[in-house]
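Please read the structure below before turning to the comments.
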Amino acid sequence: MQIQMELILSLFALLRNLLSKMELKYFKRSEFDCKCGCGGTIVSDKLLQLLDDAREFAKIPFVITSGYRCQKHHDDLTSRGYHTAKTSAHLKGLAVDIKCSDSKSRAIILDALGYVGFKRFGVAKSFIHTDIDSDKPSPVMWLY
Ligand SMILES: [Zn+2]
Ligand SMILES: [Zn+2]
């Protein structure tokens, strides 16, 4: 009897876990995996939920060009001349870069990110960085 109860509880936990992973309406979690091919997939659920809400509000596609980065990928980008922060929020799974290269979608995406509560933005010609790293100052918006 005791064992059955434990089995039922663990099934519930599994189900809840599966459901929470399906909550995202617009993104697959794999879109946030490290792009170096290492298979690293650390990404904050809060970040994903906020992005999903922002995407709903924006009504235009969000193409994720960078989510989680492992240290090796981070070092590689830095050595190739990319502007990377020493303690990048990408390393913690708290940041994303969204592809964006025209003025209209830039305005729409920034508006939507701000609307759902993001307070840190990096604006580049071809992407928008945002993160929820509470160790860093906010509100801020910087240029690359
Ligand atoms: Zn990696
Ligand atoms: Zn970034």
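The values are calculated or read from the model by the stated rules, or taken from the named source; none is laboratory data. Everything numeric in this text was worked out from a predicted model, so none of it was measured. When we count neighbours, we look across all protein chains shown, and the Cβ atoms used for this are built from the backbone with ideal geometry, even at glycine.
Annotations for the structure displayed:
- For segment 5-24, the criterion of a residue being farther than 23 Å from GLY122 by Cβ, within 16 Å of ligand 1 (Cβ to nearest atom) and either of a type outside the set (Lys, Arg) or not in a loop (DSSP other than H, G, I, E, B) (or both) is satisfied by no position.
- Candidates are the residues of segment 125-144 that are aromatic (Phe, Trp, Tyr) and at pLDDT 95 or above; the one that is nearest to ligand 2 (Cβ to nearest atom) is PHE127.
- Checklist (1) within 14 Å of ligand 1 (Cβ to nearest atom); (2) over 16 Å from VAL43 (Cβ atoms); (3) among the hydroxyl-bearing types (Ser, Thr, Tyr) applied to THR87, failing item: (1)
- Failed condition for TYR68, given (1) in a loop (DSSP other than H, G, I, E, B); (2) within 12 Å of ligand 2 (Cβ to nearest atom); (3) in contact (Cβ under 8 Å) with a residue 12 or more places away in the chain; (4) surrounded by fewer than 20 Cβ atoms within 10 Å (Cβ to Cβ): (4)
- Subset tally (residues that are surrounded by fewer than 10 Cβ atoms within 10 Å (Cβ to Cβ) and at pLDDT 80 or above) for segment 9-27: 1
- Against the conditions (1) surrounded by 17 or more Cβ atoms within 10 Å (Cβ to Cβ); (2) within 16 Å of ligand 2 (Cβ to nearest atom), ARG80 satisfies every one except (1).
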